[in-house]
Amino acid sequence: MSVLLAPSILSADFAALGEAIAAVERGGADLIHVDVMDGHFVPNITIGPPVVQAIKRIATVPLDVHLMITDPDRYIEAFANAGASMLSVHVEVLPHLHRTVHAIQALGAKAGAVINPSTPVIALEQIAPDLDYVLVMSVNPGFGGQTFIPRSESKVREVRALLDRCGNQAPVEIDGGIDQRTAGRVVGAGARILVAGSAIFHTPDPERATRELKATARAALSTAPATLTPGTR
Ligand code: DX5
Ligand code: ZN
């Protein structure tokens, strides 16, 4: 597959979300990344299903909803009904991750599992064949604008290798500190969905920043090693 760019609206102006989304779509955004935070799993509080529903009315690309909440089982149906095409849940809060993943898929959304920087890749071993994507956090979740944790690069490689071992071509997504400096490195490691918040919205021209970051990611893809599974490039 190609490499997809998912601008995170967390760093956008919430008073002008419609224009923010239109701008990144003009710049070539493939997905809109929506960060849902509950003030428990992470210190911050952001948005809920009504806002996702409003975004769904105006967005022309699929919504990639990242649930940073302690009890995702209670809310996955509401977010799927609100228009989430992709729903990711953190393995750290889910003792019955298998059930949650299949519940998301039964609701018609793609199911992703997310791992925090301190969570080992082995936590995904049993669920890897069932996942539609894996999200590797390259910062501790909760806030935009944090610095990329360098070890995340090898973690992406590890997750890619795990998925390849079980014959799953599901993409690896990466979230946190992705910008012009880090995008190429993570694509080289095997990431195929790049989330970026501040690198896009904390610039004077989010449309242009989207276009330029996507170009950097795509350029890295063309030089990525051919050792990755066919279909993941
Ligand atoms: C962090 C969120 C991210 C955030 C990324 O908890 O999950 O999606 O918006 O922001 P940047 O790209 O600024 O690190
Ligand atoms: Zn996120």
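The values are calculated or read from the model by the stated rules, or taken from the named source; none is laboratory data. Remember, it's a predicted structure, so these values are computed and weren't measured experimentally. Backbone-built Cβ (ideal geometry, glycine too); neighbour counts: all protein chains shown. Just so you know, the surface numbers come from the protein's heavy atoms only, side chains and all, with ligands and any DNA or RNA stripped out. Shrake-Rupley method; radii C 1.70, N 1.55, O 1.52, S 1.80 Å.
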Of the residues in the range 3-26 that are open to solvent by 10 Å² or more (accessible area, probe 1.4 Å), in contact (Cβ under 8 Å) with a residue 40 or more places away in the chain and under 20 Å from Gly176 (Cα atoms), the one that is nearest to ligand 1 (Cβ to nearest atom) is Leu10
Selection within the range 130-144 - under 14 Å from Arg160 (Cβ atoms) and either over 11 Å from the mean Cα position of the chain (by Cα) or open to solvent by 10 Å² or more (accessible area, probe 1.4 Å) (or both):
Leu131
So Ala161 passes all but one of these: (1) buried (at least 17 other Cβ atoms within 10 Å of the Cβ); (2) within 18 Å of Val91 (Cβ to Cβ). Which condition number does it fail?
(1)
Out of everything in the range 181-200 that is within 8 Å of ligand 1 (Cβ to nearest atom) and open to solvent by 10 Å² or more (accessible area, probe 1.4 Å), what residue ends up being nearest to Tyr133 (Cα to Cα)?
Gly197
Qualifying positions in the range 69-91 - buried (at least 23 other Cβ atoms within 10 Å of the Cβ) and closer than 19 Å to Ile21 by Cβ:
Phe79, Ala84, Met86, Leu87
Checked the range 28-62 for anything away from ligand 1 (no atom under 15 Å from the Cβ) and either among the small types (Gly, Ala, Ser) or at pLDDT below 95 (or both); matches are Gly28, Gly48, Ala54, Ala59
Is the range 143-162 home to any residue that is of a type in the set (Gly, Ala, Ser), touching a residue at least 40 places away in the same chain (Cβ under 8 Å) and within 16 Å of ligand 1 (Cβ to nearest atom)?
yes
Please enumerate the residues belonging to the range 27-53 that are under 24 Å from Pro72 (Cβ atoms), of a type in the set (Gly, Ala, Ser) and in contact (Cβ under 8 Å) with a residue 12 or more places away in the chain.
Gly48
Can you tell me which of His40, His66 is buried (at least 16 other Cβ atoms within 10 Å of the Cβ) and either touching an Asp or Glu at 6+ places or on another chain (Cβ under 7 Å) or in a loop (DSSP other than H, G, I, E, B) (or both)?
His66
So which residues in the range 164-191 are in contact (Cβ under 8 Å) with a residue 60 or more places away in the chain and more than 16 Å from ligand 2 (Cβ to nearest atom), if there are any at all?
Asp164, Gln169, Val187
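So if I check each of Val36, Val3, which one is within 16 Å of ligand 2 (Cβ to nearest atom), β-branched (Val, Ile, Thr) and at negative phi?
Val36
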